[in-house]
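**Q** Can you keep this structure in mind? I'll have questions shortly.
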There are 2 protein chains.
Amino acid sequence: MTTISPFLSACRGLPVPFTPVWFMRQAGRSLPEYHAVRAGTPMLDTCQRPDLVTEITLQPVRRHKVDAAVLYSDIMVPLRAAGVDVEIKPNVGPVIADPVRDRAAVDRLRPLQADDVSFITEAVKQLVGELGDTPLIGFGGAPFTLASYLVEGGPSKSYARTKALMHADPATWHALCDVLADITLTFLRVQVDAGAAAIQLFDSWAGSLSEADYRAYVQPHSARIFAGLDDFSVPRIHFGVGTGELLPAMAQAGADVVGVDWRIPLDVASARIGSDYAVQGNLDPALLSAGEAVLEEQVRRILAEGKAARGHVFNLGHGVPPDADPGVLTALVETVHRLSAA
Amino acid sequence: MTTISPFLSACRGLPVPFTPVWFMRQAGRSLPEYHAVRAGTPMLDTCQRPDLVTEITLQPVRRHKVDAAVLYSDIMVPLRAAGVDVEIKPNVGPVIADPVRDRAAVDRLRPLQADDVSFITEAVKQLVGELGDTPLIGFGGAPFTLASYLVEGGPSKSYARTKALMHADPATWHALCDVLADITLTFLRVQVDAGAAAIQLFDSWAGSLSEADYRAYVQPHSARIFAGLDDFSVPRIHFGVGTGELLPAMAQAGADVVGVDWRIPLDVASARIGSDYAVQGNLDPALLSAGEAVLEEQVRRILAEGKAARGHVFNLGHGVPPDADPGVLTALVETVHRLSAA
């Protein structure tokens, strides 16, 4: 019998020798070795090259000694593979050439076939070989967050067109989310089939919604993705930012682990979602530059609050900022391990 | 005895003939007549010209028949009047020439004297004469939100420098907030002295904080502003975005009315803050483009939920977007009045 990793144990609420830690966006923009290997290659092209994906995914594992790797990819990768004209513009984010704003545009979207992302299968297989005991987390975008990019045509502050479509034309909205749920489900199944040991569903912008709208227009689609992974035994993490009001609904969508940002202490989050779920989080990434003493105090607090939950995976409350000092992240992993093993 | 306006009655939890409504940023960017009168004048210069301030403040009252006017100004106006080099860049927001990041920079800030903003006194006096029975709302920025601009040097997504300063150097943080609280208090007192009938304290970005940090680093400074208005009898509104976790703390800072964004239903908000406070909100501005039927359904829901509170002032959950259709806003005022009077 193989030893189960601390990360997978924490996801399942099993005893751990120390609190496991990884960082959203640990692979990529904050590391000089990432910029070195990627130099000149557009981001989404990089995501389609298994050699680069493997190297970039491994970089933070080598450097920081995190307890899990996360596939270097993007929630837009399966959309591009399914024929959507999307690019990631530096300092902007995903930009969609032909925004999807009516039924005809939804009907032009096509499903994703596993073959469309064979580069993912190849990268994950390579990685699982290289990683040894360190589990690999796969991920995908939840229908709401993907839809927000497709409808707005790029990043948004207000999600005005997305919300207008949702309320004014629910049939088209649900049709769009149906297609997107299928695409993400295929993308996640490909990753698990190739050896990913856990998955995270990113609904990064769900926190812009009221709970009522989340439950009516979003949760059923994300729930269908989780249900579509039932035949695998991998832990399922569900993450969004500013989701204090949505945590129970996001848990009930079918997660094992609920991602929590820094706005809610983990014990409060755990009380809201109940004892069936582990939690992940929740250091404010803004504090990475606040100095060692502040960080150690924050880690102590978060570890103490995390004890209230069924299991706790340490993470930031959102992705690693581009200007984060990699040395601070390495020290943070050490601090989490040291203080939680004590 | 003068008839008390529906707006002031709702703020005080008194009976109203219909639910009063006004819109944050009703004066300004969404109105063609605003762009016409301001043409060529930089925004902060416009705010210093009583003739323009008066005209721009009156425009939405004439057009939409809202139940309160809100002074056309900006939370940066008193900082500029106190000598801070700040401008509002179109499509960016406030930009600070010399960001405030250490104690020396804090010590260089000077207090605001009423004379520094005599243009405000003049504009408010003119307006009160012109407005007749329609109350004028004055406003100012809360120390956290002002500090975030001063420390970051402009708008921010993460508030990383602000939060790092707060945690790593609390003495400097509190010194900065002390100065800013004094400046905003003076700015608000000038407006009430000249005839403003209510004030709103904007802590727009407080929702980026945890409740613990809000209570430790922010609430005492905002509370000092509210306490400094105790000798006036004007209603005090306290507003921020994404503040579901902070509503009780923001109420307890000394507000009469708590602004609520669209993420929390007003009955839920009211249950959190208790029966001593009125609420203001909370239509999602993103839905202004969702069509008449959707808006009417939203208004019905919000009016029903608002009945749970001591008083309800209808508003958007955040400012009017620049691209809002003014006709939709006019119709919305009529809808709120019609459905609440029925």
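The values are calculated or read from the model by the stated rules, or taken from the named source; none is laboratory data. The shown structure was predicted, so the numbers you read here are calculated from the model rather than taken from an experiment. Cβ atoms come from the backbone with ideal geometry, glycine included; neighbour counts cover every protein chain shown. Note: accessible area is taken over every heavy atom of the protein model, side chains too, but ligands, DNA and RNA are not part of it. Shrake-Rupley method; radii C 1.70, N 1.55, O 1.52, S 1.80 Å.
**Q** Are there any helices (runs of 4 or more DSSP H) wholly within region A:76-147 with 3 or more residues that are open to solvent by 60 Å² or more (accessible area, probe 1.4 Å), and if so which?
**A** A:103-108, A:118-131
**Q** Kindly list the number of the only condition in (1) under 25 Å from residue A:314 (Cβ atoms); (2) in a loop (DSSP other than H, G, I, E, B); (3) in contact (Cβ under 8 Å) with a residue 40 or more places away in the chain that fails for residue A:57.
**A** (2)
**Q** Does residue A:172 meet the test of being within 14 Å of another protein chain (Cβ to nearest Cβ), surrounded by fewer than 22 Cβ atoms within 10 Å (Cβ to Cβ) and touching a helix residue (DSSP H, G or I) at 6+ places or on another chain (Cβ under 8 Å)?
**A** Criteria met by residue A:172.
**Q** Which residue, of A:308, A:331, is modelled with pLDDT of 95 or more, open to solvent by 20 Å² or more (accessible area, probe 1.4 Å), more than 27 Å from residue A:211 (Cβ to Cβ) and touching a helix residue (DSSP H, G or I) at 6+ places or on another chain (Cβ under 8 Å)?
**A** Being modelled with pLDDT of 95 or more, open to solvent by 20 Å² or more (accessible area, probe 1.4 Å), more than 27 Å from residue A:211 (Cβ to Cβ) and touching a helix residue (DSSP H, G or I) at 6+ places or on another chain (Cβ under 8 Å) holds for just one of A:308, A:331, which is A:331.
**Q** Can you work out which of the residues in region B:148-163 that are within 14 Å of another protein chain (Cβ to nearest Cβ) and open to solvent by 10 Å² or more (accessible area, probe 1.4 Å) is modelled with the lowest pLDDT?
**A** Here the answer is B:157.
**Q** Yes or no: residue B:274 closer than 22 Å to residue B:331 by Cα, small (Gly, Ala, Ser) and open to solvent by less than 40 Å² (accessible area, probe 1.4 Å)?
**A** When the stated conditions are applied, residue B:274 does not pass them.
**Q** Can you name the number of the only condition in (1) of a type in the set (Ser, Thr, Tyr); (2) more than 18 Å from residue B:78 (Cα to Cα); (3) in contact with a helix residue (DSSP H, G or I) (Cβ under 8 Å, 6 or more places away or on another chain) that residue B:210 fails?
**A** Failed condition: (3).
**Q** Sticking with this structure for a sec: Residues that are touching a helix residue (DSSP H, G or I) at 6+ places or on another chain (Cβ under 7 Å), modelled with pLDDT of 95 or more and open to solvent by 20 Å² or more (accessible area, probe 1.4 Å): does region A:22-33 have at least one?
**A** yes
**Q** Next question. Hey, can you tell me all the residues within region B:1-17 that are open to solvent by 50 Å² or more (accessible area, probe 1.4 Å) and over 19 Å from the mean Cα position of the chain (by Cα)?
**A** Across region B:1-17, the qualifying residues are B:1, B:2, B:3, B:4, B:14, B:15, B:16, B:17.
**Q** Exactly one condition in (1) closer than 22 Å to residue B:24 by Cα; (2) surrounded by fewer than 20 Cβ atoms within 10 Å (Cβ to Cβ); (3) at pLDDT 95 or above is false for residue B:232; which is it?
**A** (1)
**Q** Let me ask something else about it. Give region A:202-229 a look and list any residue that's among the small types (Gly, Ala, Ser), crowded, with 18+ Cβ neighbours inside 10 Å and within 14 Å of another protein chain (Cβ to nearest Cβ), or say none.
**A** A:204, A:206, A:207, A:208, A:210
**Q** Among the numbered criteria (1) within 24 Å of residue A:255 (Cα to Cα); (2) open to solvent by 60 Å² or more (accessible area, probe 1.4 Å), which single criterion is violated by residue A:293?
**A** (1)
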